[in-house]
Amino acid sequence: MSQNVHSDLLFQSPVPIVVLKGSLEIELVNEAFLRMSGFAESDLLGARPPFPWWEDEAVAPTVEEIKGLYRLGIKRLERRYRTKGRDPFWVELTVSPIRRDGEIVSYLISMVDIGDRWSEREEEDPLAARTEALEQAYAALQQELAERIEWEEKLEREVRSRTEELDMSKRFWEQLFQQSPEGIAFLDGEDRIIQVNKSFCKMFGCDCQDVKGAFINTLVGNSPGVQMDAERMTKKLFSGESFVYDTYRTKQDGSLIPVSIHASPFRFGGETFAYCGYRDISDRKKTEERLRYHSSLQNLLARVSYRFVVPSEEIDSLITRSLEDFGRFFQADLCRLIQFDGTGKVIRSLGWHDGDPSEGSLEFERLARGISPKDIPWLWSRLKEDDVVVVNVSDALPQQAILEKQIMEASGADNFLFYPLILRGELSGLIGLGRSSRLGDRSEGMSDFYVFSSIISAALERQEGEKNLKANYLTIQDTFESSIKTMGEMLAARDPYTARHQKNVSRLANLIAARLGMDDDFRKGLKISALVHDIGKIRVPTEILNKPGLLSSLEFDMIKEHPQIGEEILSNIRFPWPVATIVAQHHERIDGSGYPGRISGKDILPQAKVLAVADVVEAMTSHRPYRPGLGLVAALEEIARGKGSLYDPAAVDACMGLLRTRENLDFLVD
């Protein structure tokens with residue numbers, strides 16, 4: 001309806017108007033033009049150049065030439081036309097192109113009758129009038145031509161600028177593609193390689209030019225165990241699904257490489273292509289393996305350590321079980337402990353051997369039980385100097401190592417690791433680990449097994465100390481300290497921070513108690529309690545204790561159980577002080593807001609009140625796995641804020657007086 005209204009308006013306009021289609025066919029002429037030209041509508045509709053009202057010219061312009069002129073538009077061009085009766089009439093011509101969606105669909109030609117102005121000139125000098133008209137027309141055409149040339153030059157500059165931008169963009173993306181640290185391959189719809197970058201060729205050991213046109217799975221997925229996975233993921237990719245996953249692919253030398261693949265299909269020009277990115281994750285896999293190894297080792301150390309927390313008459317049985325655990329963990333064939341007394345006599349020979357006893361293993365057992373340090377002079381001298389002695393049985397040994405070689409050959413193992421058994425600072429025996437596989441000079445796990453030998457040494461030290469408890473009260477006190485030391489070493493094997501923290505808290509608590517004027521017995525019990533106040537953390541998983549980020553509420557609840565766990569462990573030891581209760585209360589607070597019992601005021605032991613202050617100050621000052629140390633100033637401000645509500649006022653005053661002039665707690669460290 002809107003189009004009809006517009007047509008009616010044009011048809012009834014007093015201005016002569018002609019509307020041409022894009023092909024220059026006459027689509028509409030209004031009444032004003034028909035009156036001025038004398039033509040009937042049927043004479044004109046559908047006509048194409050040259051139009052009936054034009055002057056008779058020897059050479060008429062072509063349709064394309066007219067389109068070229070009309071496309072730019074014409075403004076106020078004076079022209080002489082002929083009526084149907086071939087009488088002349090003058091008009092001022094304006095042509096406006098009509099566009100839709102960027103394309104010219106029609107031309108609107110409007111005219112102004114200037115016949116009066118030109119009729120006088122023609123009467124005076126018809127030739128001059130015609131010449132002037134032609135000159136004006138020529139000038140108008142010249143103007144139009146100049147504008148067109150300017151437009152074309154501008155268009156050419158724009159095209160050149162855009163072409164340079166496209167070239168620069170292409171070079172940028174090409175460099176980005178080639179310099180990407182990830183291996184990148186573009187595939188066609190048949191899984192053939194279109195292009196790969198340098199990182200891809202370096203990763204898989206191939207030539208960038210030679211691989212073009214090759215099937216991607218033939219190139220990097222042709223080994224057993226990989227081919228099926230590669231084909232499955234290619235099928236998934238070209239079904240329209242993107243994916244990211246870790247897997248293995250094959251290098252040109254046949255070796256496998258762990259990679260993370262992120263792939264995605266895309267459409268271009270009506271065809272399907274695929275982008276595949278390959279990231280070498282060899283280092284990450286090695287890190288994951290190391291993390292799994294150390295996590296398993298930490299759990300094993302914790303389990304073995306826990307066996308020796310409580311003194312037991314069955315220590316030989318516990319040691320034998322521990323030798324088996326570590327032997328299996330390190331993939332050994334046998335593991336043996338030999339302990340000598342001060343005269344060189346064997347007082348303990350314990351071991352584990354994988355599999356059923358053989359004639360060789362029985363001979364090894366007999367020899368191991370009957371030796372003394374004098375019989376193995378070369379090995380014994382080495383153990384005094386080194387933390388570990390590595391022996392390959394096939395290697396040439398010194399001439400004096402006669403019995404050492406005989407014992408190792410009888411065992412059936414090809415290689416041995418020997419660790420010193422140190423008791424009270426003296427070499428008292430050895431722990432041997434025999435394996436069939438050859439060991440290098442620095443075999444993996446050497447230092448880790450040394451931690452195990454230290455735990456066994458500490459357990460034996462404490463066990464010997466327990467035998468002397470019946471002698472006198474001083475011996476009992478020494479044994480208590482040995483037990484505490486053993487607990488600290490066991491805890492240190494899985495959480496070095498907590499062991500160091502306990503030592504520092506013990507020293508600080510002792511200084512606070514001295515400033516309060518407490519007697520020696522009070523300070524002795526406080527010292528022992530502080531040295532093991534976090535022993536309950538031995539049951540908290542290592543990954544939670546050493547977590548670098550914030551703890552979840554569940555993880556924090558697990559840590560909050562350590563005072564009660566510590567009480568359970570220590571209640572089995574008969575200390576002359578209420579050590580278990582002090583440990584259980586070191587997180588209680590004066591106002592009852594602490595844990596685990598939420599007791600308050602006088603129900604909290606005096607030693608626990610002092611321990612609580614020392615614990616907070618040392619913990620805030622020290623570096624933690626999840627944050628750096630907050631500094632001594634922040635720690636003192638914390639206990640000052642909680643004085644009387646959280647912490648005992650006298651203990652706070654004593655601590656403030658002790659530390660006010662100091663910058664840190666370094667004086668507590670040995």
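Every number here is computed from the coordinates shown, using simple stated rules; none is lab data. Please read these numbers as outputs of a predicted model, since none were measured by experiment. Positions of Cβ are generated from backbone atoms using ideal geometry, with glycine treated the same way; all protein chains shown enter the neighbour counts.
The angle between the Cα long axis of helix 63-72 and the main principal axis of the chain comes to about 60°, on a 0 to 90 degree scale.
Relative to the globular-protein estimate of 2.2 N^0.38 Å, the Cα radius of gyration of the chain stands at 1.88. The charge dipole of segment 495-670, taken about its Cα centre with unit charges on the Cβ of Lys, Arg, Asp and Glu (plus for the first two, minus for the last two), comes to roughly 180 debye.
Taking the Cα of Glu271, stepping 7 Å toward and past its beta carbon, and measuring to each backbone N in segment 208-228: which are under 14 Å? Residues 213-214 fall inside that zone. The ranking of Ile639, Ile26 from fewest to most other beta carbons within 10 Å of each one's beta carbon is Ile26, Ile639. Here's the list of lysines a cross-link from Lys154 could span, going by alpha-carbon distance under 22 Å and ignoring same-chain residues fewer than 8 apart: Lys67, Lys75. Give the lysines whose C-alpha is closer than 16 Å to that of Lys202, dropping any in the same chain fewer than 8 places away, or say none. Correct list for Lys202: Lys212, Lys251. With a Förster radius of 41 Å applied to the beta-carbon distance between Lys345 and Asn664, the computed FRET efficiency rounds to 0.20.
Calculated on the alpha-carbon coordinates, the convex hull of segment 495-670 measures out at 113 cubic angstrom per residue. The mean sequence distance of close C-alpha pairs (under 8 Å, at least 6 residues apart), as a share of the length of segment 320-417, puts its relative contact order at 24 percent.
Say the dipole of segment 311-471 comes from +1 at the beta carbon of Lys and Arg and -1 at that of Asp and Glu; which of Leu397, Ile371, Ser436 then lies farthest toward its positive end? Working it through, the farthest residue towards the positive pole turns out to be Ile371.
Separation of segment 249-290 and segment 583-600, taken as the distance between their Cα centroids, equals 56 angstrom.
A simple spin-label model places pseudo-atoms 7 Å from Cα toward Cβ; at Tyr306 and Glu158 they are separated by 7.8 nm. Counting only C-alpha contacts under 8 Å and six or more residues apart, can you give the relative contact order of the chain as a whole percent? Over the chain, the number comes to 6 percent. Against the chain, whose longest principal axis is taken from its Cα atoms, helix 227-237 shows a tilt of about 40°. The mean sequence separation of alpha-carbon pairs under 8 Å and at least six residues apart, normalised by the residue count of segment 180-280, gives a relative contact order of 30 percent.
Rounded to two decimals, what ratio of Rg to Rh does segment 180-280 give with C-alpha atoms and a Kirkwood Rh? All intermediate terms of the calculation are to be shown ahead of the outcome.
Details: Rg = 12.3 Å, Rh = 13.3 Å.
Looking at segment 180-280, the ratio lands at 0.93.
Sorting Phe39, Phe204 from the fewest to the most surrounding beta carbons within 10 angstrom yields Phe39, Phe204. Evaluated over segment 495-670, the count of Lys pairs having alpha-carbon atoms less than 16 Å apart is 10 (only pairs 8 or more residues apart or interchain).
Relative to the dominant Cα principal axis of the chain, helix 649-659 is inclined by about 80°. Taking each DSSP H run with n ≥ 4 as -39500 (n - 2.57) and averaging over every residue of the chain yields -15500 deg cm²/dmol at 222 nm.
Counting only lysines at least 8 places from Lys405 when in the same chain, those with an alpha carbon closer than 21 Å to its own are Lys345, Lys374, Lys384.
Which peptide among 397-406, 574-583 comes first, and what is the full order, when sorted by highest mean count of other Cβ atoms within 10 Å?
Details: 397-406: 14.8, 574-583: 19.6.
Packing order, densest peptide first, comes out as 574-583, 397-406.
Computed from the Cβ-Cβ distance with R0 of 41 Å, the FRET efficiency linking Glu92 to Trp173 stands at 0.15.
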